[in-house]
Amino acid sequence: MNLELSEEQSAVRRLAREFTDREVAPYAAEWDRAESVDRAIVKKLGALGFLGLTVPEEYGGSGGDHLAYVLVTEELGRADSAVRGIVSVSLGLVAKTIAAWGTEEQKRSWLPRLCSGDALGCFGLTEPGTGSDAGNLTTRAVREGDSYLVSGSKMFITNGTWADVVLLFARTNDEPGHRGVSAFLVPADSPGLTRREVHGKLGLRGQATAELAFDSVRVPASAMLGPEGKGFSVAMSALAKGRMSVAAGCVGIAQAALDAAVSYAAQREQFGKPIAHHQLVQELIADISVDVDAARLLTWRVADLIDRGQPFATESSTAKLFASEAAVRAAGNALQVHGGYGYIDEYPAGKLLRDARVMTLYEGTSQIQKLLIGRARTGVSAF
Ligand SMILES: Cc1cc2nc3c(=O)[nH]c(=O)nc-3n(C[C@H](O)[C@H](O)[C@H](O)COP(=O)(O)OP(=O)(O)OC[C@H]3O[C@@H](n4cnc5c(N)ncnc54)[C@H](O)[C@@H]3O)c2cc1C
């Protein structure tokens, strides 16, 4: 892998950095306190092409390779994980999955709107009773003529109350486990679908996380994404790429932690000199720096494998596992550098730590990533 960025990749990173420094980072603390990012940000992200990266231009996407996508995701994560998550889900989990599995009609119908920011997508896999064990989900889609009637509920759905389309996973036959699951593209204004925002989150407070309830929601058979009974493969293919996106967001968090720690250590004085002169403070900063580099290299490797058409799922789990744990460590170390001031929200370290914490939980917990990596290495499934 060539670690030198191309002109195009450097340009997109510059564009993302300028945009997030101007339009996102200055408002991140305010949106966190208000428990909502300004929705106007969605159209701005769309206008810059950030909601259509890697999606073919013929469907309204902005093209580009996966490394460009990772670079933009990293910058968004550096500025505000709540905004990063909106993109990771609507583009990373929904639009890219439609591009990979959709019929021509599904692509034409949803991709231009998702890529422009005229519409947002959400990913409905987790249920109140099934998180890690997603293959045992219980939401049912029962065939009735040329449509399906969907009943059940979904939990912790990012973009849930903002989304225009739900990429929904539901059971369409009685085969046990994941074999009975199919995927559907369900318009969020479908009669019988109600959405309730989940409040009181530790982090990602600016993001709309919701519980979705389906009460006999009628979905045309043409809304099925991918073959009948292959919904779990659709979900896993989405998550394999999604984990790279979470990892990139975590690199952004760790980079923000490093920037904040270095800047604070240079200006805060104790014992008659800036705290950056104390070796144990340098140790904290060195630990963050190593985490940033290692997480970034693991994440870029995934993008490189995807762009070269190579298998990448285990590397994506590896990057997600390491980068998410690294982001939590880095944010904690940055908070330590700030002393007591790190504990109040005038400084960014506390929010970085709160936002980082969920990254070891969603899109597969750290334990689940270890089982996936272990299975790949040993050939034995512990699930
Ligand atoms: C803010 C937020 C946003 C989210 N966004 C989405 C979204 O957009 N779409 C979506 O579908 N979901 C979303 N989720 C859900 C998320 O993916 C799940 O919370 C996650 O998969 C874990 O499931 P769970 O919470 O049910 O925990 P559980 O599966 O109940 O796990 C509890 C604990 O048991 C451990 N565990 C479980 N099984 C095993 C095992 N076999 N071996 C070892 N340990 C095990 C886990 O690692 C964990 O520590 C979101 C969650 C949050 C908090």
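The values are calculated or read from the model by the stated rules, or taken from the named source; none is laboratory data. What you see is a predicted model; the values in this text were computed from it and never measured. Note that each Cβ is placed from the backbone with ideal geometry, even for glycine, and that neighbours are counted across all protein chains shown. Only protein heavy atoms, including side chains, enter the accessible area calculation; ligands, DNA and RNA are left aside. Shrake-Rupley method; radii C 1.70, N 1.55, O 1.52, S 1.80 Å.
The figures follow:
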{"read-out": "The stretch 201-278: projected area of the alpha-carbon convex hull, averaged over directions, in nm²", "value": "9.1 nm²"}
{"read-out": "More than 17 angstrom apart: percent of Cα pairs within the stretch 202-336", "value": "69 percent"}
{"read-out": "Shape parameters for the stretch 243-298, alpha-carbon atoms, Rg then Dmax in Å", "value": "13.2, 45"}
{"read-out": "Mean residue ellipticity (222 nm) of the chain, computed from DSSP H runs ≥ 4 via -39,500 (n - 2.57), nearest 500", "value": "-16000 deg cm²/dmol"}
{"read-out": "Solvent-accessible area, 1.4 Å probe, carbon plus sulfur percent, for the stretch 89-142", "value": "51 percent"}
{"read-out": "Placed amide H near Ala208: partners under 5 Å, 5+ positions off or other chain", "value": "Asn159"}
{"read-out": "Vicinal HN-Hα couplings computed from phi for the stretch 314-323 (Karplus, 6.51 cos²θ - 1.76 cosθ + 1.60; Hz; Gly/Pro x)", "value": "5, 5, 5, 4, 4, 5, 5, 4, 5, 5"}
{"read-out": "Average projected area [Cα convex hull, the stretch 80-146], square nanometres", "value": "6.4 nm²"}
{"read-out": "Members of Lys96/Lys154; Lys44/Lys320; Lys154/Lys351; Lys44/Lys230; Lys44/Lys241 lying beyond 30 Å, as alpha-carbon distances in this model show", "value": "Lys44/Lys230"}
{"read-out": "Solvent-accessible area, 1.4 Å probe, carbon plus sulfur percent, for the stretch 144-212", "value": "52 percent"}
{"read-out": "³J(HN,Hα) computed for each position of the stretch 220-225 - Karplus, 6.51 cos²θ - 1.76 cosθ + 1.60, integer Hz, glycine/proline x", "value": "x, 4, 5, 8, 5, 9"}
{"read-out": "Calculated FRET efficiency for the pair Met1/Ala221, C-beta based, R₀ 45 Å, to 0.05", "value": "0.55"}
{"read-out": "Probe 1.4 Å, accessible area per residue of the stretch 1-142, Å²", "value": "40 Å²"}
{"read-out": "Alpha-carbon Debye profile of the stretch 232-273, log10 I(q)/I(0) at 0.18, 0.24, 0.25 Å⁻¹", "value": "-0.63, -0.79, -0.81"}
{"read-out": "Paired Rg and Dmax values of the chain, which use every Cα atom, in angstrom", "value": "20.8, 79"}
{"read-out": "Calculated FRET efficiency for the pair Glu30/Gln267, C-beta based, R₀ 22 Å, to 0.05", "value": "0.40"}
{"read-out": "Protection proxy ranking, peptides 203-215, 247-259, average beta carbon neighbours within 10 Å, highest first", "value": "247-259, 203-215"}
{"read-out": "FRET efficiency estimate (nearest 0.05) - Cβ-Cβ, Asn136 to Glu283, R0 35 angstrom", "value": "0.20"}
{"read-out": "Protection proxy ranking of 16-27, 322-333 - average other beta-carbon atoms within 10 Å, highest first", "value": "322-333, 16-27"}
{"read-out": "Model label zone, Leu149; criterion: amide N under 18 Å from point 7 Å along Cα-to-beta-carbon; scope the stretch 157-185", "value": "170-174"}
